[in-house]
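Participant: Provided herewith is a single structure, encoded as structure tokens, for subsequent inquiry.
The values are calculated or read from the model by the stated rules, or taken from the named source; none is laboratory data. Predicted, not measured: the structure shown is a model, and the values here were computed from it. Here the Cβ positions follow ideal geometry from the backbone for every residue, glycine too, while neighbour counts run over all protein chains shown. These area figures cover heavy atoms from the full protein model, side chains too; ligands, DNA and RNA do not enter into them. Shrake-Rupley method; radii C 1.70, N 1.55, O 1.52, S 1.80 Å.
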Amino acid sequence: MRRISSDMPNTDIQFYLRRQEESVANMQSKIAAQNRLNELRDDPIAASHAVRYESFLARLYRFESNTKYAMDHYNVTYDYMNEANSIIQRIRELAVTGANGVYTPDDLKLMGIEINELLKEFVSISNKTGPDIKQMFAGDKVFTEPFRIVEGTVQGGGDNMIVRVEYRGAGAARRTEIGDRTFLDLDIGGGEAFWAEKMQVFSHVDATDYRVNEPGAFYIDGVEIAVAVGDTLPAIVAKINDSSAPVKANIDPTTRGLVLEGTTPHLIRAEDKVGGATILRDLGIINGNMENNAPNWSNSARVFGGSMFDMVLRLRDAMMRGDQDFIGSQGIAGMDLALNNLTARMAEIGSRQERAEMAWHRINREIPDVTSMLSRETGIDMADAATDLKWMQLAHQATLQTAARILPPSLLDFLR
């Protein structure tokens, strides 16, 4: 039973006044935040929709940032590759000039010296870093200088000349997400960008009776290829050809050994998976796993297919020897191979750039749409909110005035 006393009107009025003040404060908070959902109980269904929209909108902003980074990255990569293309074009011009038969051996040596200097600049470009201080052509080893110069003595050219250029980078593995479960390859490794010939690896191990004794796997260009107990060489060849690795395998009809051939000009990377069967080692392809990110080819294996640096070195050495026949045949042919692959890789970068731009435009069309949907669920009509706030304030003022009239006199009233 509720107790009746003279204090009841005061208590009731205080309760309703506090409730009105809370309503006014909530409305003021909604107007200040321009959001009608201060609490989940304000509109549970709209709140659940808003959470999903905010999550999706945050992902869109992340994807937009990723695509902008990718476009900038491709621009820098393309510029460096275009500089390399200009150098190769100049070296080819020198090769054509040196092959016409009107220049003396001394003239050819001078051309060879120029080619050596151009080669140094070529290596410098291949070791360039981007604005984020990461190597452009080292694959996912972004803090490792991808190409290393080895100097020595060259016939007719003296000491301290480049005799070999070694690749120490890795395969291109960095990707960026431009949509839900949609990725875009960022890098192009130096073993792909600056290669000239399709590599071929011939094993001299007769694998006619070869059988896999324990389960395991091996990697070709970063693609894992699993093998099972009892697999023969034809089964392994079939698994390589069915994989996504840019390499085709076959069996040498003479040696009955495994043959690997790249489908595009690039450095083939091969290694056995640690902790399992040593497939490639047993088949005579490698001696051990990769050293400096390049395959440790078996001593008995024959490996063909060089980089653009190899093509330039062969041409330069022919210039130093005065070998016009080599310059006019293999020298120019090597430069043509280098230009063809470099042009193809530049086109690949251009295609990725185009895709990134299309993704960026798509994302920037989606962001306003999702923002509008979120605003529809959480937004507040300022005109209606201002009107409601004014009515609440007037009602609260009227309540105060009414309370002042109906509340009974207090001791203070008598004291006055």
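Participant: I want to confirm something. Restricting to segment 169-181 and keeping residues that are open to solvent by 30 Å² or more (accessible area, probe 1.4 Å) and either of a type in the set (Gly, Ala, Ser) or touching a residue at least 40 places away in the same chain (Cβ under 8 Å) (or both), which single residue is farthest from residue 56 (Cα to Cα)?
Facilitator: So, considering only residues that are open to solvent by 30 Å² or more (accessible area, probe 1.4 Å) and either of a type in the set (Gly, Ala, Ser) or touching a residue at least 40 places away in the same chain (Cβ under 8 Å) (or both), the one farthest from residue 56 (Cα to Cα) is 172.
Participant: Listed residues 196, 172; which is within 22 Å of residue 349 (Cβ to Cβ) and at pLDDT below 90?
Facilitator: 172
Participant: Go through (1) open to solvent by 70 Å² or more (accessible area, probe 1.4 Å); (2) in contact with a strand residue (DSSP E or B) (Cβ under 8 Å, 6 or more places away or on another chain); (3) more than 26 Å from residue 305 (Cβ to Cβ) for residue 151 and report which single condition fails.
Facilitator: Going through (1) open to solvent by 70 Å² or more (accessible area, probe 1.4 Å); (2) in contact with a strand residue (DSSP E or B) (Cβ under 8 Å, 6 or more places away or on another chain); (3) more than 26 Å from residue 305 (Cβ to Cβ) one by one, residue 151 breaks only (3).
Participant: Is it true that some residue in segment 139-153 is of a type in the set (Phe, Trp, Tyr), over 26 Å from residue 317 (Cβ atoms) and assigned to a strand (DSSP E or B)?
Facilitator: no
Participant: Does residue 116 qualify as being on the phi < 0 side of the Ramachandran plot, in contact with a Ser or Thr (Cβ under 8 Å, 6 or more places away or on another chain) and in contact (Cβ under 8 Å) with a residue 60 or more places away in the chain?
Facilitator: Taking the combined requirement at face value, the residue does not satisfy it.
Participant: Going through 159, 185, 221 one at a time, which residue ends up being in contact (Cβ under 8 Å) with a residue 24 or more places away in the chain, of a type in the set (D, E, K, R) and farther than 25 Å from residue 287 by Cβ?
Facilitator: 185
Participant: Something else: Taking interchain pairs and intrachain pairs at least six residues apart, which have beta carbon atoms under 6 angstrom, with the first residue in segment 69-91 and closer than 24 Å to residue 178 by Cβ and among the β-branched types (Val, Ile, Thr) and the second open to solvent by less than 70 Å² (accessible area, probe 1.4 Å) and in a helix (DSSP H, G or I)?
Facilitator: If the second residue must be open to solvent by less than 70 Å² (accessible area, probe 1.4 Å) and in a helix (DSSP H, G or I), the pairs left are 77/349.
Participant: For segment 125-137, check the following and say yes or no: at least one residue is in a strand (DSSP E or B), under 20 Å from residue 82 (Cβ atoms) and open to solvent by 10 Å² or more (accessible area, probe 1.4 Å).
Facilitator: yes
Participant: Taking residue 166 as the residue in question, decide whether it is open to solvent by 40 Å² or more (accessible area, probe 1.4 Å), touching a residue at least 60 places away in the same chain (Cβ under 8 Å), charged (D, E, K, R) and in contact with a strand residue (DSSP E or B) (Cβ under 6 Å, 6 or more places away or on another chain).
Facilitator: Yes; evaluated as a whole, the condition is true for this residue.
Participant: Can you find even one residue in segment 49-59 that is open to solvent by less than 90 Å² (accessible area, probe 1.4 Å), of a type in the set (A, V, I, L, M), closer than 16 Å to residue 356 by Cβ and out of contact with any Gly (no Cβ under 9 Å at 6 or more places or on another chain)?
Facilitator: no
Yes/no matrix, rows are residues, columns are (1) assigned to a helix (DSSP H, G or I); (2) at pLDDT below 95; (3) more than 20 Å from residue 50 (Cβ to Cβ):
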{"residue": "365", "(1), (2), (3)": "yes, yes, yes"}
{"residue": "368", "(1), (2), (3)": "yes, yes, no"}
{"residue": "371", "(1), (2), (3)": "yes, yes, no"}
{"residue": "376", "(1), (2), (3)": "yes, yes, no"}
{"residue": "380", "(1), (2), (3)": "no, yes, no"}
{"residue": "383", "(1), (2), (3)": "yes, yes, yes"}
{"residue": "387", "(1), (2), (3)": "yes, yes, yes"}
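Participant: Just give me the residues in segment 60-81 being out of contact with any strand residue (DSSP E or B) (no Cβ under 8 Å at 6 or more places or on another chain), open to solvent by less than 40 Å² (accessible area, probe 1.4 Å) and under 18 Å from residue 365 (Cβ atoms), in sequence order.
Facilitator: 60, 64, 71, listed by residue number.
Participant: Out of everything in segment 183-213 that is out of contact with any helix residue (DSSP H, G or I) (no Cβ under 8 Å at 6 or more places or on another chain) and part of a strand (DSSP E or B), what residue ends up being least open to solvent (accessible area, probe 1.4 Å)?
Facilitator: 201
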